[in-house]
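Below you'll find the structure, written out as structure tokens, and then a few comments.
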Amino acid sequence: QQPVQSPQAVILREGEDAVINCSSSKALYSVHWYRQKHGEAPVFLMILLKGGEQKGHEKISASFNEKKQQSSLYLTASQLSYSGTYFCGVVNNNAGNMLTFGGGTRLMVKP
Amino acid sequence: DAGITQSPRHKVTETGTPVTLRCHQTENHRYMYWYRQDPGHGLRLIHYSYGVKDTDKGEVSDGYSVSRSKTEDFLLTLESATSSQTSVYFCAISELWTDTQYFGPGTRLTVL
């Protein structure tokens with residue numbers, strides 16, 4: 001079952017922060033975050049495994065809340081280059097299940 | 001960047017014609033995937049492969065078939081294309097199941 005991402009779209013000014021959420025109706029084994037720019041392929045940002053790990057990539061970090069069955073992506077002091085669509089992908093319950101992607105969150109950073 | 005190429009990059013075809021998309025990797029990864037991407041639906045898995053001649057269905061496999069005769073190549077075939085198969089198709093690879101997936105550049109297919 002597809003995870004739900006929120007918000008669907010967000011507009012920021014350069015330097016502002018944003019949070020993108022990814023919720024699943026089933027227990028999570030792992031969460032994957034990708035960013036896709038218009039007309040390009042999705043690019044891997046980070047992977048989180050159950051256990052509440054928080055991982056970072058440049059000024060982008062993420063958390064994994066096993067109890068709430070959700071993950072959040074934190075974009076700090078956003079840059080113009082952060083614009084794009086962010087997708088979370090989840091593996092539910094155990095490593096034998098397949099990766100299922102959410103519908104995406106469109107992020108636009110303006111000068 | 002992972003060595004993944006897709007061909008063709010763009011294709012326009014007519015309803016009822018067969019279409020084959022090719023994904024080629026130079027990473028020697030075991031797992032290969034075909035996704036389609038449509039507005040509002042994110043990425044949906046069509047088929048995947050876990051080795052040469054080993055393939056399985058994904059979430060939206062109806063109307064599609066795949067083949068993998070070599071580790072580096074994964075073919076997606078639309079036996080008789082329909083307008084509902086107009087989409088952007090991405091190939092992805094990973095070393096392990098549910099490991100990080102790396103995506104190819106995509107193929108934009110239009111079925112008239």
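The values are calculated or read from the model by the stated rules, or taken from the named source; none is laboratory data. Note that the structure is predicted; figures quoted are calculated from it, not measured. Quick reminder, even Gly has a Cβ in these numbers, built from the backbone with ideal geometry, and neighbours come from all protein chains shown. Just the protein is used for accessible areas: all its heavy atoms, side chains included, with ligands, DNA and RNA removed. Shrake-Rupley method; radii C 1.70, N 1.55, O 1.52, S 1.80 Å.
Looking at B:Gly42, B:Gly51, just one residue is at pLDDT below 95, of a type in the set (Gly, Ala, Ser) and within 21 Å of A:Phe101 (Cα to Cα), and that residue is B:Gly42.
Being among the charged types (D, E, K, R) and part of a strand (DSSP E or B) is the filter here; which residues of the range B:1-39 pass it?
Correct list: B:Lys11, B:Arg22, B:Arg36, B:Asp38.
All conditions in (1) within 25 Å of A:Phe44 (Cα to Cα); (2) open to solvent by less than 20 Å² (accessible area, probe 1.4 Å); (3) in a loop (DSSP other than H, G, I, E, B) hold for B:Ile93, with the sole exception of (3). Scanning the range A:13-40 for residues that are aliphatic (A, V, I, L, M) and over 15 Å from A:Leu73 (Cα atoms), we see that the one that is most open to solvent (accessible area, probe 1.4 Å) is A:Ala27. Hey, could you check the range B:100-112 for residues that are at the interface with another protein chain (Cβ under 9 Å from one of its Cβ atoms) and open to solvent by less than 50 Å² (accessible area, probe 1.4 Å) and say which is modelled with the lowest pLDDT? Filtering the range B:100-112 for residues that are at the interface with another protein chain (Cβ under 9 Å from one of its Cβ atoms) and open to solvent by less than 50 Å² (accessible area, probe 1.4 Å), the one modelled with the lowest pLDDT comes out as B:Thr100. Only residues that are within 14 Å of another protein chain (Cβ to nearest Cβ) and within 16 Å of A:Ala9 (Cα to Cα): list them for the range A:74-111, please. Selection gives A:Gly84, A:Thr85, A:Tyr86, A:Phe87, A:Cys88, A:Gly102, A:Gly103, A:Gly104, A:Thr105, A:Arg106. Being within 26 Å of B:Asp38 (Cα to Cα), open to solvent by 50 Å² or more (accessible area, probe 1.4 Å) and away from chain B (no Cβ under 11 Å) is a property that does not hold for A:Val43. Residues that are over 27 Å from B:Thr17 (Cα atoms) and within 14 Å of chain A (Cβ to nearest Cβ): does the range B:79-93 have at least one? Yes; the residues of the range B:79-93 include at least one that is over 27 Å from B:Thr17 (Cα atoms) and within 14 Å of chain A (Cβ to nearest Cβ).
Residue check: is A:Ser71 surrounded by 14 or more Cβ atoms within 10 Å (Cβ to Cβ), closer than 26 Å to B:Pro105 by Cα and more than 11 Å from every other protein chain (Cβ to nearest Cβ)?
Values: surrounded by 14 or more Cβ atoms within 10 Å (Cβ to Cβ): yes; closer than 26 Å to B:Pro105 by Cα: no; more than 11 Å from every other protein chain (Cβ to nearest Cβ): yes.
For A:Ser71, the condition - surrounded by 14 or more Cβ atoms within 10 Å (Cβ to Cβ), closer than 26 Å to B:Pro105 by Cα and more than 11 Å from every other protein chain (Cβ to nearest Cβ) - is not met.
Out of the residues in the range B:54-69 that are surrounded by fewer than 12 Cβ atoms within 10 Å (Cβ to Cβ) and farther than 14 Å from B:Tyr31 by Cβ, state the one that is farthest from the other protein chains (Cβ to nearest Cβ). Among those that are surrounded by fewer than 12 Cβ atoms within 10 Å (Cβ to Cβ) and farther than 14 Å from B:Tyr31 by Cβ, it is B:Ser69. Restricting attention to the range B:1-53, the residues being buried (at least 21 other Cβ atoms within 10 Å of the Cβ) and farther than 21 Å from A:Gly39 by Cα number 4. A:Tyr82 falls short on exactly one of the conditions (1) hydroxyl-bearing (Ser, Thr, Tyr); (2) open to solvent by less than 40 Å² (accessible area, probe 1.4 Å); (3) closer than 24 Å to B:Trp97 by Cα, and that condition is (3).
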